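In what follows, a structure is listed as structure tokens, so that the remarks can point back to it.
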Amino acid sequence: MISPKSSGVRPTSDKVRSAIFSKLYNKVVDSYVLDLFAGTGAFGIEALSRGAKFVTFVDINISTLLKNTSFIQNEKFEIIKSDVFKAFKKLRIKYDIIFIDPPYGKIDSKELLNAIKSHQLIAKKGVLIYEESIRTKFEIEERFILFDTKTYGDTKIYYLELTL
């Protein structure tokens, strides 16, 4: 997996990614995955290797993502080069798993969750995983339920579901 030298890119560590996939357990097989602020694409690529049916990667800078996905069959994924909020208008399916790893402290979590809900991007019984700094305020949009959190050093992982 190629990672850019830029200090602005902070790939999810192998330890954290492994813990997330352990928690997701059997939800990954045959799932549709949305990898927001995809960066290197590590989360979505691992989801594909664990049996996900399709992954949509979204990021404003896709150069590293293109290199890291060059060995994957094109029908298994799509890459959208866009601001995340603008990309929502282009998405037409509901996702079983949505992984969000924004630049720490730069995105309003409540606004982002509201946009996901209003664009109806999460499938019934879908799971949303949100990675953020432990120092960043995290607010939940009212239609989401926080069902677990885990802390790994400076990183906090929030697990959410949409209420019915």
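The values are calculated or read from the model by the stated rules, or taken from the named source; none is laboratory data. Quick caveat: nothing in here was measured; it's all calculated off a predicted structure. Please note: Cβ atoms are built from the backbone with ideal geometry, for glycine as well, and neighbour counts cover all protein chains shown. Surface areas here come from the heavy atoms of the whole protein model, side chains and all, with no ligands, DNA or RNA. Shrake-Rupley method; radii C 1.70, N 1.55, O 1.52, S 1.80 Å.
Across segment 23-39, the number of residues qualifying as surrounded by fewer than 23 Cβ atoms within 10 Å (Cβ to Cβ), aliphatic (A, V, I, L, M) and in a loop (DSSP other than H, G, I, E, B) comes to 2. Taken over segment 143-164, residues that are open to solvent by less than 10 Å² (accessible area, probe 1.4 Å) and of a type outside the set (A, V, I, L, M) amount to 1.
For segment 40-55, the criterion of being surrounded by fewer than 14 Cβ atoms within 10 Å (Cβ to Cβ) and over 22 Å from Ala19 (Cα atoms) is met by no residue.
A single member of Ile97, Ile20 is among the β-branched types (Val, Ile, Thr), in contact (Cβ under 8 Å) with a residue 40 or more places away in the chain, open to solvent by less than 10 Å² (accessible area, probe 1.4 Å) and not in a helix (DSSP H, G or I), and it is Ile97.
Table: residues versus (1) outside any loop (DSSP other than H, G, I, E, B); (2) closer than 24 Å to Lys15 by Cβ; (3) free of Cβ contacts under 8 Å to residues at least 24 places away in the same chain; (4) hydrophobic (A, V, I, L, M, F, W, C).
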| residue | (1), (2), (3), (4) |
| --- | --- |
| Thr56 | yes, no, no, no |
| Lys67 | yes, yes, no, no |
| Glu75 | yes, no, yes, no |
| Lys86 | yes, no, yes, no |
| Ile116 | yes, no, no, yes |
| Ile129 | yes, yes, no, yes |
| Arg135 | no, yes, no, no |
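Of everything in segment 102-142 that's acidic (Asp, Glu) and either modelled with pLDDT under 90 or open to solvent by 20 Å² or more (accessible area, probe 1.4 Å) (or both), which residue is nearest to Lys90 (Cα to Cα)? Taking the candidates together, the pick is Glu111.
Ser70 meets the conditions (1) under 18 Å from Phe43 (Cβ atoms); (2) surrounded by 14 or more Cβ atoms within 10 Å (Cβ to Cβ) in every case but one. The failed one is (2). Scanning segment 73-86 for residues that are within 23 Å of Ser133 (Cβ to Cβ) and open to solvent by less than 40 Å² (accessible area, probe 1.4 Å) gives a single hit, Val84.
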